[in-house]
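Beneath this line is the structure, given in structure tokens, with notes to follow.
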Amino acid sequence: MENYKQKLRNIRNMIFDVDGVFTDGIVLLMPDGQQIRSSNVKDGYVVQLAVKKGFRLAVITGGDSEAVRQRFEGLGVNDVFLNSNDKWKVYTDYMAQHNLKPEETLYMGDDIVDIRVLKDVAVGCCPADAAHEVREICDYVSHLPGGKGCVRDVVEQVLKVQGLWMDKDSLEW
């Protein structure tokens with residue numbers, strides 16, 4: 001089997017789940033019904049850098065938080081899909097709409113609903129604390145859990161393999 005780092009050389013598109021990947025999976029339920037999540041600023045930094053470097057990034061989440069949309073749009077991610085009950089359908093529609101190739105795509109997810117997409121892309125990734133069934137099929141399992149820098153871990157590897165890490169773009173937000 002081809003080493004996952006070799007596959008990273010061809011990645012042009014990165015797609016991520018949110019809860020359990022960018023977050024630790026904990027959702028605080030407030031008395032007014034608001035659901036609050038926290039995310040790691042190091043993940044945010046590398047997302048905006050990847051966008052700056054010309055990668056196409058997308059987020060597909062079952063959650064419906066407009067705060068999530070605002071966070072990612074603020075980082076330069078224009079393709080934010082909330083309320084994605086069928087991630088496979090959202091993924092296939094997105095790929096077709098933008099004429100994207102699975103062999104140029106990385107996906108990071110953490111739970112059972114991510115498996116179909118993880119199996120279709122060139123590089124399937126997950127956090128250290130992903131569901132067992134997800135860890136079993138991924139090309140790369142980060143040493144970091146969700147919400148603790150696992151996105152930074154994966155995207156940084158893509159940028160390093162492609163020679164796009166630690167240049168002038170890296171020094172500015």
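The values are calculated or read from the model by the stated rules, or taken from the named source; none is laboratory data. Quick caveat: nothing in here was measured; it's all calculated off a predicted structure. Methodologically, a virtual Cβ is constructed for each residue, glycine included, from the backbone with ideal geometry; neighbour enumeration extends over all protein chains shown. Accessible surface is based on the protein model in full, side chains and every heavy atom, while ligands, DNA and RNA are left aside. Shrake-Rupley method; radii C 1.70, N 1.55, O 1.52, S 1.80 Å.
I'd like the FRET efficiency for Glu133 and Leu28, computed as 1/(1 + (r/R0)^6) with the beta carbon distance as r and R0 of 22 Å, rounded to 0.05. Before the final figure, lay out the partial values.
On the way: r = 27 Å, r/R0 = 1.23.
The pair Glu133/Leu28 has a calculated efficiency of 0.25.
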Point to revise | Cα Rg, Dmax, region 1-91, angstrom units | key: 14.4, 51
Review point. Efficiency by 1/(1 + (r/R0)^6): what FRET value for Ile36 and Ile112, r their Cβ-Cβ distance, R0 = 35 Å, to the nearest 0.05?
Key: 0.90
Check your understanding: In the full protein assembly as shown, how much of Arg9 is accessible to a 1.4 Å probe, in Å² to the nearest 10?
Key -> 150 Å²
Practice item. Tell me the label-point distance for the pair Asn99, Ala67, using the 7 Å Cα-to-Cβ offset, in nm and rounded to one decimal. Key: 4.0 nm
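Can you give the accessible area per residue of region 102-173, in Å², using a 1.4 Å probe? List each step's numbers first, then the result.
On the way: 3360 Å² over 72 residues.
Ligands and nucleic acids excluded, the figure is 47 Å² per residue.
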Review point. So which residue, out of Asp86, Asp153, Asp120, gets the largest mean-square fluctuation from a GNM of the chain using Cα contacts under 10 Å as springs?
Key: Asp86
Review point. Which of the peptides 69-78, 141-150 is most tightly packed, and how do the rest follow, judged by the mean count of other Cβ atoms within 10 Å per residue?
Key: 141-150, 69-78
Practice item. With 22 Å as the limit, write out which pairs from Lys53/Lys168; Lys7/Lys101; Lys7/Lys53; Lys7/Lys148; Lys119/Lys148; Lys52/Lys168 have Cα-Cα distances beyond it, or answer none. Key: Lys7/Lys148; Lys119/Lys148
Review point. Of the accessible area of the chain, with the probe set at 1.4 angstrom, what percent is carbon plus sulfur?
Key: 48 percent
Practice item. Calculate the all-directions average of the projected area of the chain's alpha-carbon convex hull, and give it in nm². Key: 9.5 nm²
Study note, to complete from the structure: Distance in nm between Lys89 and Gln6 label points, each 7 Å along Cα→Cβ, equals 3.8 nm
